[in-house]
Amino acid sequence: MIHDAAGDVATLCLDLDISKADPAVIDVDAARLGVLLTSCGLQFVEDVSPSGGRHLYVPLAERIPGADARELVDALARIAPSLDPSPHQNPTTGCIRVPGSLHKRGGHQQLTTPLTAAYDVLRRRNTPDDLDKLRRALAPELRRGREEAARRARLATAPQPALRVPTGPNGIARRPSGWQSPLRRTAETGLYDTAKYRTPSEARMGVLNHLAACGWTLAQVRGELTGQFPGLAALYQSTRQLDRLLETEWGKAIEFTATSRGKNTAPKSDTSPTQPTRGGKEKPSAAAIHQLVNDLENILYAVLDARFQKLGREGLGLRFLIRGVLAYMRTMETNTLDVGCRTFALALGQHHGTVARLLRRLAELSDGMVTKIADAHHRNADVYLIELPEQHRQLARDLTWRKGKIHAVRPVFRALGPAAALAYETIERARLSPTAAEVARDSKIGRSTADRALAEMAALAMIHRDDAGHWHLTHTTSLAQLARRLGADSDVAAQLTLHRRQRGQWHAWLDRHNPDQHITESDIYDPDTAEHWLPPDDDSIASLMPSRRPRPCRST
């Protein structure tokens, strides 16, 4: 038994189960966990079963409550998909097969750690300080687990109507806790539905087609074969076969995706960007647009942020919306934006109805910076013209442009909150590294709120403070990887999937009123391809920039 009579635990038992993943994935997970434990100063004992499963035992010098052990094992399971946390989930029945035990399929559990080394580990055991290092290393996973537990508790106690779809804090549809798309599970574990895919070759082509449709590149896929995708690598018979076939199969996936997209989602009407009349003026050059965005950023930081701060919750939404507008301007290299509410909602982590209301308010309160020049029609969104107001031109030119790029709400800040996003932006774009007081002042948030946000980001190794009290970015921490560890990438993907489905339904409604056009069921929703999976880079939201017309807002 793992727990004693009081429910406490003296050894963390990590069960890498053959039923959870392919044996090759189990080997990768065992190596990954071993590196993590060793980096935290923790020693462990390892064994292997006749079926290919593995156990890692982490003996503790001081017993810990069963709930704490369960939390740690659940966090480890988030980085090792083959880890079965169930032995630690029930204090009365939790048990594990120790080295030397008979296996139900024949044979014995075999110790792989040398006997003398295993004896030394079990005798010395691991100190509480070493366990604290593990908790710090697993801070994102532990935070995510606590948030999901709190969410489940709220759902269990709150009365809900039948068939209600769970939503996040901004009204965005949320997947049930623990839900995972089948293709993502295949890429992580190497297990697949044999009723749908007859061979590993078919299963891996399904995964590659899905990744190609989500905008991944071959380099990103290769980079994740030892990260997110050990299961995809396990679907190849050997490393030699993987090296020989991956590039060829990726080319087939790209070709298949392009062909399918052209057949199912080709525009059925003119969706080229709306070009308003300019009185004979030529379209601004890319360099002119970038200079305009730099000037507009100066007005945002000097004038609009302070104005919107006084509007409370609505003002916070406006601050991020104008940042999203400027980010889209720079990416699309135009000052005429016809971006749908759902596209902005994805960049902000908000409900599209909230964005529709905020867009109207932004046009009213921006001193003419944002002006609506055309209404939405058919599949075309509202069109907005972004200009530098006459009354602010001198101020914009007197101020120095800021370094770096402006962002709306990056995925990681869906989990950490708007205060953290503003504080991080202040540190990221400051000319000199700011103190905590300067972060609070420049980001227009309260001092106590800024202190909490800074402490939280420091605990996640996003930022660090020097001896003089100035804050700096920790450039070795990837925001995209941190978003994945916190579960924020799943929220983005679920929102994008929902928007795609809603656009399909809207386009279907339009086509029903245009009998010359026809659609298929897969145009609306295909569960294998429509569940989006974000590419693993810090600019993943920018990669979602639509090349065709986004679904127009129908909020009026």
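The values are calculated or read from the model by the stated rules, or taken from the named source; none is laboratory data. No experiment lies behind these values; they were computed from the predicted model shown. Positions of Cβ are generated from backbone atoms using ideal geometry, with glycine treated the same way; all protein chains shown enter the neighbour counts.
Details
- Members of region 94-120 found to be of a type in the set (Val, Ile, Thr) and closer than 20 Å to Leu16 by Cα, listed by number: Ile96, Val98, Thr112, Thr113
- Looking only at residues of region 225-244 that are in a helix (DSSP H, G or I) and in contact with a helix residue (DSSP H, G or I) (Cβ under 9 Å, 6 or more places away or on another chain), we find that the one that is farthest from Ala212 (Cα to Cα) is Thr239.
- Those residues of region 195-246 which are aromatic (Phe, Trp, Tyr) and touching a Pro at 6+ places or on another chain (Cβ under 6 Å), in sequence order: Trp216
- Checked against the criterion of being surrounded by fewer than 15 Cβ atoms within 10 Å (Cβ to Cβ) and either outside any loop (DSSP other than H, G, I, E, B) or of a type outside the set (Ser, Thr, Tyr) (or both), the candidates Ala468, Ala420 yield just one match: Ala468.
- Of the criteria (1) out of contact with any helix residue (DSSP H, G or I) (no Cβ under 9 Å at 6 or more places or on another chain); (2) without any contact (Cβ under 8 Å) to a residue 12 or more places away in the chain; (3) under 29 Å from Arg184 (Cβ atoms), which one Ala77 fails: (1)
- Within region 471-512, the set of residues being aromatic (Phe, Trp, Tyr) and assigned to a helix (DSSP H, G or I) comprises Trp506, Trp509.
- Annotation note: of Arg357, Arg402, Arg361, the sole residue that is part of a helix (DSSP H, G or I), of a type outside the set (S, T, N, Q), in contact (Cβ under 8 Å) with a residue 60 or more places away in the chain and surrounded by fewer than 20 Cβ atoms within 10 Å (Cβ to Cβ) is Arg357.
- Filter result for Ile26 (assigned by TED's automatic domain parsing to the domain that holds Arg135, among the aliphatic types (A, V, I, L, M), in contact with a Ser or Thr (Cβ under 8 Å, 6 or more places away or on another chain) and in a helix (DSSP H, G or I)): yes
- 3 or more residues among the hydrophobic types (A, V, I, L, M, F, W, C): qualifying helices (runs of 4 or more DSSP H) within region 284-342: 286-299, 312-332
- Residue match in region 128-151 (condition: assigned to a helix (DSSP H, G or I), among the hydrophobic types (A, V, I, L, M, F, W, C) and without any contact (Cβ under 8 Å) to a residue 24 or more places away in the chain): yes
- Residues of region 14-34 that are under 20 Å from Val121 (Cβ atoms) and surrounded by fewer than 20 Cβ atoms within 10 Å (Cβ to Cβ): Ala31, Arg32, Gly34.
- Residues satisfying the stated conditions in region 34-53, i.e. outside any loop (DSSP other than H, G, I, E, B) and touching a strand residue (DSSP E or B) at 6+ places or on another chain (Cβ under 6 Å): Val45, Glu46, Asp47, Val48
- Where Arg222 falls short, out of the listed (1) basic (Lys, Arg); (2) surrounded by fewer than 16 Cβ atoms within 10 Å (Cβ to Cβ); (3) modelled with pLDDT of 90 or more: (2)
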